[in-house]
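Enquirer: Handing you a structure now.
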Amino acid sequence: MSEKVWIAGGGVISGIGLDVPACIQSFRDMQPGMAAMQYLSSVHRNTFPVAEVKADNATLADMARMPENISRTALLSMIAAREAWQSSGLEDISHYRVGFVSGNTVGGMDKTEDFFPDFLANPRGGRLHQVAHHECGSITELVADMLGIRHHVSTISTACSSGANALMYGARLIRNNIVDVVIAGGTDSLTRFTLNGFNTLMILDQQPCRPFDDTRTGLNLGEGAGYVVLVSDSLAAQLQPWCRLSGFANANDAYHQTASSPDGTGNYLAMKGALDMSGVQPQQIGYINLHGTGTQNNDVSEGIAINKLFAPHFPAMSSTKSFTGHTLGASGGIEAVFSALAVKEGIIYPNARFEHQMKELPFAPATTFSTGHDLQHVMSNSFGFGGNCSSLVFSKV
Amino acid sequence: MNIYINGTGCISPQDTAQGGPLLAAPREYEQVRLATVDPDYKQWIDVKQIRRMSRVVKMGVAAANLSLEAAGITLPDAIITGTAYGCLDDTGVFLTKMVNQQEEMLTPTAFIQSTHNTVAGQIALLLGCNGYNNTFVHRGFSFENALLDAIMILKEGTAKHILAGGMDEITNYSHQVLSRFGIYKKAPVKTMELLNSPDTGTIAGEGAAFFALGATKDPGTVAELTGVSTLYKPLWEGEVIGHIMKFLEEHRCTPADIDLLVTGRNGDIDQDEMYEEVAAALFPDHAEASFKHLCGEYPTAAAFGLWMANAIIAEQAVPEAAVFYGRAPQKINRILLYNHHQGTHHSFVLLTAC
């Protein structure tokens, strides 16, 4: 079980860019992706800013080379998964035993919610093709089929930690010699279902969100997809991998269906478990990509757990959700790509709009973009509903 | 390293929750939509919570508890679930209100309970389990991937006892929509005659089955979970046959070592043809048992099939209601469970008596 698993590449599409270089440029330029809703149709259009991918479905379908009428979730997934594969240098996919493990939270809900009004009016109403890909797994298969992946396809749905758990499962598939390569991450498009759901929880900020700021009042939803390409030790020897996935852990907070425990039990256990697997001491972590949603509850629980584990040596940290919004099932995948790239290029990402120190915490997030750091180890946190908490550690060697 | 099934629990359209001999009094239905026989959920869940919980959460929590009780475990090290559809009922409730109320005045309960990881999260919450917690939602592989994840983690040695299960529910909405895709029989059939049906279409089912898996066996353990494998979109039956041969080989056995074949025949004449081909090619004289006439067709029905296979090993007999073909040998040592969902998702589970 000790075989090393490497990150050979990554792809991201998000509210701050249609590919990885565009996203990095947005961080460099301090250009967050939140704006008034342009593509999602909702009565809350003028109330809640969101970080939409700045392209309509026709444009995305062109980029994905897929039909325009399929779920936006699949289009986003396809674009990021293809970028990830192309960045890996692996070339012909049919030469390898490949797995595709993708997280998402609501599958083809963007189409189902268009189907539903007609269906509610008449059980024979609504166009069936709109619900043909409602299932989370169906979204994954649309992309796997397009990429030509058959050895292993799987979908994980653990709310906001789905993408991170996809990396864990993918790494285990490689360690157990089931496949040699796994494209792992997650995807989610904005839907009225999730927007209204988060609105009922009263955790949406009507302004651009302020993660880890004392005045924070909630999160902004985003959309996108992010995947890494995980490869076995033997394949990595033929490539120039970005870094290694050295540790990961998943724990359950077992406190409340949606809220985090005040002392961040699950968060702490996930981070501690990931460090233990990687064999890294807390002070060796150079940067943490925070879950950092900007809700009162998450940031204080996550912060307290970090304080408990890392004090007094706090690494640089930031929430890239201050740029991309909370992309739910995609966030673990998107932030895994950002974290892996942080190791490769020594990047510390900025936390936008941080002004006021949280009174509960002795540390503050980084507020400017910088490169050239010697980051040996980077941690990425993803915590979600259902108490699902996951942490990943990326290491230089 | 061996992985053992130390306890099982099942909520299904049969009386599987109450113990006793396997399918002693099978329930026969004459309808295209089967519903679970619900046990008294108060055994495991607080009355106030029961009212708020959807059926899939209740059946999942109950089956999980039954399997832990059977294994004598109060707190597993990990909880892994598989569900293709997730929490359809709460999803439907929230969607309906969202549409009817034009996105205004909505309440959070249905949304909170609509996420696919609700069952795994609720089990963790009720048990106070801080361990690994994961939910697979991949159509006809949801349950199998949960089993595979559990096996890989047990082999790593980071967990000793893992609770793994599969569950799906039917709702009025889901049944209406799935019916429009033409996957069910047009007219009710007697379930005990389903597998001899001369036409296409199957019957809808639902249920939850959980397994307490461990790296060590208990005194009451009857079966070892020898292997799990999946095959996605095979191009033709030869690929399925080749996959089974390779799967058996990996576990150092041949078709001759299989004492009983358990198949996911569902009464759709087109879909059942694959089972015919596989049986004819590899298991021409083998006894065969089936289960979807008992639990109905749904993406995680293989969990019911595995529950039944484990019980057959425990009793060393195939109950009359499950027999499809032939007579199993005196000693049932190895069972191969072969299921496919809609011809695209094929899965194989090998059980060995211990």
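None of the figures in this text is laboratory data; all of them are computed from the coordinates on show. The structure displayed is predicted, hence computed values, not measured ones. Please note: Cβ atoms are built from the backbone with ideal geometry, for glycine as well, and neighbour counts cover all protein chains shown.
Enquirer: Let me have the relative contact order for chain A, percent, based on Cα pairs under 8 Å that are six or more residues apart.
Expert: Working: 1108 pairs, mean separation 90.3, N = 397.
This gives 23 percent for chain A.
Enquirer: Let me ask you something else. Counting other beta carbons within 10 Å of each Cβ, put B:Asp199, B:Asp168 in order, fewest first. Present the calculation step by step, with values, prior to reporting the outcome.
Expert: On the way: B:Asp199 12, B:Asp168 26.
Ascending Cβ contact count within 10 Å gives the list B:Asp199, B:Asp168.
Enquirer: Still on this structure: Percent relative contact order of chain B, based on C-alpha pairs within less than 8 angstrom and at least six residues apart? Could you put the intermediate results ahead of the total?
Expert: On the way: 814 pairs, mean separation 85.3, N = 354.
Computed value for chain B: 24 percent relative contact order.
Enquirer: Could you please report the charge total around A:Arg210, scoring K, R as +1 and D, E as -1 over all other residues with beta-carbon less than 12 angstrom from its beta-carbon? Kindly include the intermediate steps, with their values, before the conclusion.
Expert: Working: positive: A:Arg216, A:Lys321, A:Arg353; negative: A:Asp205, A:Asp213, A:Asp214, A:Asp299, A:Glu355.
Once positives and negatives cancel, what remains is -2.
Enquirer: From the C-alpha coordinates alone, can you work out the Kirkwood hydrodynamic radius of the stretch A:6-395, in Å?
Expert: Final number for the Kirkwood radius of the stretch A:6-395 is 20.3 Å.
Enquirer: Once you list every other residue whose beta carbon is under 14 Å from the beta carbon of A:Gly137, what net charge do they have if Lys and Arg are +1 and Asp and Glu are -1? Intermediate values should be presented prior to the final figure.
Expert: Working: positive: B:Arg139, B:Lys233; negative: A:Glu135, A:Glu141, A:Asp145, B:Glu144, B:Asp168.
Here the count lands on -3.
Enquirer: Percent antiparallel among DSSP beta bridges with both residues in the protein assembly as shown, to the nearest 5? Walk me through the numbers before you get to the answer.
Expert: Values: 75 of 117 bridges.
Rounded to the nearest five, the antiparallel share is 65 percent.
Enquirer: What is the diffusion coefficient of chain B in µm²/s, taking the Kirkwood radius over Cα pairs and the Stokes-Einstein relation at 25 °C with a viscosity of 0.890 mPa s?
Expert: Values: Rh = 20.3 Å.
D, rounded to a whole number, is 121 µm²/s.
Enquirer: Can you put B:Met152, A:Met317, B:Met245 in order of Cβ neighbours within 10 angstrom, beginning with the fewest?
Expert: In order of increasing Cβ crowding within 10 Å: B:Met245, B:Met152, A:Met317.
Enquirer: Further question: Choose one of B:Ala281, B:Gln14, B:Met192: the residue whose Cα lies farthest towards the positive end of the charge dipole of chain B (beta-carbon charges +1 Lys, Arg; -1 Asp, Glu; about the Cα centre).
Expert: My answer, from the dipole projection, is B:Gln14.
Enquirer: Please state the equivalent ellipsoid semi-axes for the protein assembly as shown: what are the square roots of 5 times the Cα gyration tensor eigenvalues, largest first, in whole Å?
Expert: Numbers: eigenvalues 330, 151, 120 Å².
Ellipsoid semi-axes (Å, largest first): 41, 27, 24.
Enquirer: Further question: Counting alpha carbon pairs within less than 8 Å and at least 6 residues apart, what relative contact order, in whole percent, applies to the stretch A:148-263? Display every interim value, and only then the final one.
Expert: Details: 107 pairs, mean separation 28.6, N = 116.
25 percent.
Enquirer: Can you give me the span-like helices of chain B, meaning DSSP H runs with 15 Å or more of Cα extent along the axis and Kyte-Doolittle mean at or above -1.0? If you can, show how the numbers build up before the last one.
Expert: Numbers: long enough: B:55-71 (24 Å, 0.85); B:88-100 (18 Å, 0.35); B:142-156 (21 Å, 0.67); B:237-250 (20 Å, -0.01); B:269-282 (20 Å, -0.18); B:302-315 (19 Å, 1.30).
Span-like helices here: B:55-71, B:88-100, B:142-156, B:237-250, B:269-282, B:302-315.
Enquirer: Return the sequence-ordered ³J(HN,Hα) values of the stretch A:366-372 in whole Hz as given by the Karplus equation 6.51 cos²θ - 1.76 cosθ + 1.60 applied to θ = phi - 60°, using x for Gly and Pro.
Expert: For the stretch A:366-372, the Karplus-derived couplings read 5, 10, 10, 7, 8, 10, x Hz, x marking Gly and Pro.
Enquirer: Give the distance, in whole Å, between the Cα centre of the stretch A:45-114 and the Cα centre of the stretch B:158-223.
Expert: 31
Enquirer: Most exposed first by the Cβ proxy, i.e. fewest other Cβ within 10 Å, how do B:Ile45, A:Ile139, B:Ile312 rank? Working shown, then result.
Expert: On the way: B:Ile45 20, A:Ile139 32, B:Ile312 26.
Listing B:Ile45, A:Ile139, B:Ile312 from fewest to most nearby Cβ atoms yields B:Ile45, B:Ile312, A:Ile139.
Enquirer: Quick check: convex hull of the Cα atoms in the stretch A:247-397, volume per residue, rounded to a whole Å³?
Expert: Details: hull volume 14.0 nm³, N = 151.
About 93 Å³ per residue, rounded to a whole number.
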